[in-house]
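First the structure, in the form of structure tokens, and then the observations on it.
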Ligand SMILES: Cc1cc2nc3c(=O)[nH]c(=O)nc-3n(C[C@H](O)[C@H](O)[C@H](O)COP(=O)(O)OP(=O)(O)OC[C@H]3O[C@@H](n4cnc5c(N)ncnc54)[C@H](O)[C@@H]3O)c2cc1C
């Protein structure tokens, strides 16, 4: 593979770097650096998304008429990697990467006009209502009901692990509209105003001490049929399309490299405190292994990206990227805890030590466990890879 950037690619990289220098404020860098939860809080991701939108770079994968950039794979890779290495906040994916593409593909013209500009301008903050108690990997077993009543549906049931539902004003959800035939054929995709009467959001604290996820209860919640995307009972098509974006439309290696840099900076901090981590042969060897793994992953990601046309999604191969990236994420987080040694046991979620990276290593490790669960558990990805990629 030729990894030398062409003169055009170098010029593009320089444009990205200039944009980052001019728009990525120290406050935003600080916010991302000290985020241990899966996504940064809206006061960190929001201003960054607005800066990207002003430049026309918020939704590279969307069609050009709706704000897409038409970038090829190399440009997307350069952009994502430069943003990650500069410490830019993660874009909140629910609107931009998940429901946006579904509305573009399955929505009516009116839904596109109503929702897409509001995603672009960060006016709506979306959450994802797919999982339920008893319906995670086996999503088709979901039970939350939507019963037809004139121009509305009436919703009853509960969604769980709903990331940032406490911040969101909109939810996209899968609901059961029929129990006839195959389970997948009775599911409908709805857009729900979170201020509708009958919705309650209950906080769930995660093991890493962050407040990221919720259980959301619905009691006789009315949703207009105008908020249905696609036909009644055809929501499974929207869900499958969306899950492809959830699993693999991201570019992971830049973020992983940035996480590894953070572990490197933590080593420097420990050295400065007199703990000679660099003389620990076992740790140094482990650090080398993780670096080599990351190089291999980056090559694989580049190779897969290189086969895609602008706007194209990797399809089932995205399961390989998702699986490898989430395991790399965990390996780097484990390294962070290993360098702390017994000091890791003293971690206390209530204690924050401004300016030090060391207190972040344990919550980073604990929260990294979730990466092989959400967006499709590791075992489920392995089954997809076996069936759809390897063909066994
Ligand atoms: C931090 C976090 C944020 C999340 N955010 C959201 C969100 O915003 N919106 C949302 O809808 N959901 C969200 N989820 C839920 C997530 O999608 C589910 O947790 C996930 O789909 C797994 O479902 P489950 O938790 O019910 O576990 P289960 O599906 O019950 O799985 C339990 C175990 O069984 C294994 N297993 C299950 N089925 C199979 C199989 N067929 N073959 C082999 N092994 C199997 C799994 O791999 C896992 O190890 C989030 C989860 C987490 C952890």
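Tabulated data for the structure shown
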{"quantity": "Packing-based exposure ordering (other Cβ within 10 Å, fewest first) of 159, 387", "calculated": "387, 159"}
{"quantity": "Relative packing of 40-50, 134-144, which averages over residues the other C-beta atoms within 10 Å, highest first", "calculated": "40-50, 134-144"}
{"quantity": "Distance (nanometres) between label positions extended 7 Å along Cα→Cβ at residue 30 and residue 271", "calculated": "2.6"}
{"quantity": "Stretchable slack from residue 291 to residue 179, in nm (0.36 nm times residue separation minus alpha-carbon distance)", "calculated": "35.3 nm"}
{"quantity": "Residue order, fewest to most surrounding Cβ atoms within 10 angstrom, among 229, 389", "calculated": "389, 229"}
{"quantity": "Nearest-0.05 FRET efficiency for residue 281 and residue 307, computed from C-beta distance (R0 41 Å)", "calculated": "0.55"}
{"quantity": "Between 0 and 90°, nearest 10: helix 42-55 axis offset from the chain longest Cα axis", "calculated": "90"}
{"quantity": "Length released on extending from residue 123 to residue 205, taking residue separation times 0.36 nm less the Cα-Cα span", "calculated": "26.8 nm"}
{"quantity": "Degrees between helix 73-86 axis and first principal axis of the chain (Cα, 0 to 90, nearest 10)", "calculated": "60"}
{"quantity": "Fewest-first sequence of 34, 365 by Cβ atoms within 10 Å of each Cβ", "calculated": "34, 365"}
{"quantity": "Pair residue 114, residue 152: separation of 7 Å Cα→Cβ label points (nm)", "calculated": "1.5"}
{"quantity": "C-alpha center-to-center spacing [the range 205-237, the range 81-118] in angstrom", "calculated": "17"}
{"quantity": "Per-selection Rg to Rh, the chain - Cα, Kirkwood hydrodynamic radius", "calculated": "0.97"}
{"quantity": "For the chain, share of DSSP beta bridges that run antiparallel, in % to the nearest 5", "calculated": "85"}
{"quantity": "Projected label distance in nm at residue 369 and residue 244, using a 7 Å step from Cα toward the beta-carbon", "calculated": "3.4"}
{"quantity": "Gain in span if fully extended, residue 226 to residue 65, counting 0.36 nm per residue against the direct Cα distance", "calculated": "55.6 nm"}
{"quantity": "Among 91-103, 283-295, the order from most to least packed when residues are scored by Cβ within 10 Å on average", "calculated": "91-103, 283-295"}
{"quantity": "Among beta bridges that DSSP assigns inside the range 77-186, antiparallel share in %, nearest 5", "calculated": "55"}
{"quantity": "The chain, helix-only ellipticity at 222 nm - DSSP H runs n ≥ 4, -39,500 (n - 2.57), divided by all residues, nearest 500", "calculated": "-14500 deg cm²/dmol"}
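FYI, it's all coordinate maths here, none of it is from the lab. Everything numeric in this text was worked out from a predicted model, so none of it was measured. Note that we place each Cβ from the backbone using ideal geometry, even for glycine, and neighbour counts take in every protein chain shown.
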